[in-house]
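First up is the structure itself, then whatever we jot down about it.
The values are calculated or read from the model by the stated rules, or taken from the named source; none is laboratory data. All values reported here derive from a predicted model rather than from experimental measurement. Virtual Cβ from ideal backbone geometry, glycine too; neighbours counted across all protein chains shown. Note: accessible area is taken over every heavy atom of the protein model, side chains too, but ligands, DNA and RNA are not part of it. Shrake-Rupley method; radii C 1.70, N 1.55, O 1.52, S 1.80 Å.
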Amino acid sequence: MTGLLDDRAHEPYFPASQDLARPSEGLTRGEAASILYTLLGEKPPPAEKAHFQDIPEHAWYREAAEALGELGALDPLGTQFAGDYVVTRSEFTWLLAQFFPFETGGEAFSDVPVEHWAYAAIETGSALGWFQGDSFRPDDPLTRAEAAVIVNRALGRRPDQTTLASACQVMLFTDLPPSHWSYGDIMEAALPHEHGEDGRWRTYHTSEASRAPGCYLLNGELYCVQENGCYARNTQVGRLAFDESGRYTTGLPELDEQLTQLVQAKTVEEWPLALNLRFLYNYICNNFDYLPAGMVEAEEEDWEAEFALEMLERGKGNCYSYAGLFTVLARKLGYQAWGVSGDFCNSFQEWTTHGWVEIEINGEILLCDPEIEGVYAPNRGLEWDLYLKRYGETPTTYFLDGIVYGEEPD
């Protein structure tokens, strides 16, 4: 089968879906078959009968597995393919080596004895420069990132790091930031591009996200697909800022990390964002204590993150701390939220300076007041609901931007 892999066009071959690279997950036999089938110069005709009895009729890897079985490139495990089985480093090396002339003289690995069943394939890979290091770890599962690196080396493909570094809009996968060690190799394997004789990319094509425009919470991180079909990166979407990895950021790395951990612990990704928002609001109302702190002038903006960080560090704070923390958590779920500073009063409380939160939902601005509901009201034996309320429909009266919302006390 030597020479059957034809990669002159640098065909994208990396199997992925839902905008996830899953670099640390193990490569399955189905994915391994898909990679090699994609890179075949000539596809064999369909087999007259199936080689493997355990492949579902509509399995996405069926055609690839049957084609490689027809070529004799797969160790079939009898009549079973086991498409979801994660391959080891030895197994994938043996599979890839079937398409290359066997070589000798490669660097020996201390953990691969001569009698190892895949020794000849591993020696071939070593001689051809597929691996680096003193050990091979033959029985370790092969990760998807490692597979991209090995295949690229086998095919002589090198990522164009210069182009990738300057291509601010290249983001194919939400779980593969540019800082990831395999970013370049996976982009070489997955991003459609044209290359010159020197291997440098002449052009590349960024495909649209598989998700519809909107915000998505994935493993505690918020991403946003814009109307142009691409993920927001290094940009602002309303009041939500997204960094170069496409993740929502407050601008304070320490706060970002704590918010991610908090969202992971206190929300359920499969649940509607509205339900998770309520859980986070209740969490803030019930788990922090009041502590006098600095005030915010009515015209001040972008104060929420600093107050939120102090709130998490101390476990207590004033109304601006409660408002700041709920604001950044609401934004972490994709809501357009902001903290405001004004005044409030009620039937037994004279006007006093106060901070709360506004959230825009379906074009309507609603208020949330976690400090009043979580501390002020309970301390007075009151059960007030101040979550996503319209102005004028609360037991409190608010004064903001020269307007009184609600009834003033006598």
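Every condition in (1) closer than 21 Å to residue 241 by Cα; (2) in contact with a Ser or Thr (Cβ under 8 Å, 6 or more places away or on another chain); (3) open to solvent by less than 10 Å² (accessible area, probe 1.4 Å) holds for residue 307 except the one numbered (3). Residue pairs whose Cβ atoms lie under 6 Å apart, separated by 6 or more positions or on different chains, with the first residue in the stretch 20-41 and acidic (Asp, Glu) and the second at pLDDT below 95 and in a loop (DSSP other than H, G, I, E, B), are 31/15. Within the stretch 369-410, the set of residues being in contact with a helix residue (DSSP H, G or I) (Cβ under 6 Å, 6 or more places away or on another chain) and of a type outside the set (Ser, Thr, Tyr) comprises 370, 371, 373, 374, 384, 386. So, in the stretch 140-173, of the ones that are assigned to a loop (DSSP other than H, G, I, E, B) and acidic (Asp, Glu), which residue ends up modelled with the highest pLDDT? That would be 140. Give me the pairs, please: first residue somewhere in the stretch 306-322 and under 19 Å from residue 340 (Cα atoms) and of a type in the set (Asp, Glu), second residue anywhere and assigned to a helix (DSSP H, G or I) and open to solvent by less than 30 Å² (accessible area, probe 1.4 Å), beta-carbon distance under 8 Å, and either six or more positions apart or on two chains. Every condition considered, the pairs that remain are 306/324; 310/321. Residues considered: 222, 262, 217, 273. Of these, the only one that is on the phi < 0 side of the Ramachandran plot, over 16 Å from the mean Cα position of the chain (by Cα), open to solvent by less than 40 Å² (accessible area, probe 1.4 Å) and of a type outside the set (Lys, Arg) is 262. If you go through the stretch 276-304 and pick out every residue that is of a type in the set (A, V, I, L, M) and open to solvent by 90 Å² or more (accessible area, probe 1.4 Å), you end up with 1. Collect the residues in the stretch 375-393 that are buried (at least 16 other Cβ atoms within 10 Å of the Cβ) and within 14 Å of residue 357 (Cα to Cα), keeping them in residue-number order. Result: 386, 387, 388, 389, 391.
When 170, 151 are checked against the criterion of being farther than 21 Å from residue 223 by Cα, open to solvent by less than 60 Å² (accessible area, probe 1.4 Å), in contact with a helix residue (DSSP H, G or I) (Cβ under 9 Å, 6 or more places away or on another chain) and among the β-branched types (Val, Ile, Thr), 151 stands alone in meeting it. Report, by residue number, each residue of the stretch 32-64 that is outside any loop (DSSP other than H, G, I, E, B) and either among the β-branched types (Val, Ile, Thr) or within 21 Å of residue 88 (Cα to Cα) (or both). Those that are outside any loop (DSSP other than H, G, I, E, B) and either among the β-branched types (Val, Ile, Thr) or within 21 Å of residue 88 (Cα to Cα) (or both): 32, 33, 34, 35, 36, 37, 38, 39, 62, 64.
From the list 73, 9, 67, the lone residue that is surrounded by 15 or more Cβ atoms within 10 Å (Cβ to Cβ) and in a loop (DSSP other than H, G, I, E, B) is 73. Evaluated against (1) touching a strand residue (DSSP E or B) at 6+ places or on another chain (Cβ under 8 Å); (2) surrounded by 13 or more Cβ atoms within 10 Å (Cβ to Cβ); (3) at pLDDT 95 or above, residue 406 falls short on exactly one condition, (3). Given (1) among the acidic types (Asp, Glu); (2) farther than 30 Å from residue 202 by Cα; (3) touching a Ser or Thr at 6+ places or on another chain (Cβ under 9 Å), where does residue 115 come up short, assuming only one miss? (3) is the only condition that residue 115 fails.
Residues of the stretch 130-185 that are within 21 Å of residue 209 (Cβ to Cβ) and aromatic (Phe, Trp, Tyr): 173, 183. So which residues in the stretch 174-199 are over 18 Å from residue 25 (Cα atoms) and either assigned to a helix (DSSP H, G or I) or aromatic (Phe, Trp, Tyr) (or both)? 188 - this is the single residue of the stretch 174-199 that is over 18 Å from residue 25 (Cα atoms) and either assigned to a helix (DSSP H, G or I) or aromatic (Phe, Trp, Tyr) (or both).
At least 2 residues being touching a Ser or Thr at 6+ places or on another chain (Cβ under 8 Å) and among the aliphatic types (A, V, I, L, M) is the threshold, and among the strands (runs of 3 or more DSSP E) wholly inside the stretch 200-272 those reaching it are 214-218.
Among the residues of the stretch 185-214, those that are under 30 Å from residue 269 (Cα atoms) and surrounded by fewer than 20 Cβ atoms within 10 Å (Cβ to Cβ) comprise 190, 206, 207, 208, 210, 211, 212, 213, 214. Residues of the stretch 92-139 that are of a type in the set (Gly, Ala, Ser), surrounded by fewer than 20 Cβ atoms within 10 Å (Cβ to Cβ) and not in a loop (DSSP other than H, G, I, E, B): 120, 127. Entry remark, the stretch 328-374: residues being in a strand (DSSP E or B), open to solvent by 30 Å² or more (accessible area, probe 1.4 Å) and either of a type in the set (Asp, Glu) or in contact with a Cys (Cβ under 8 Å, 6 or more places away or on another chain) (or both) number 6 in total.
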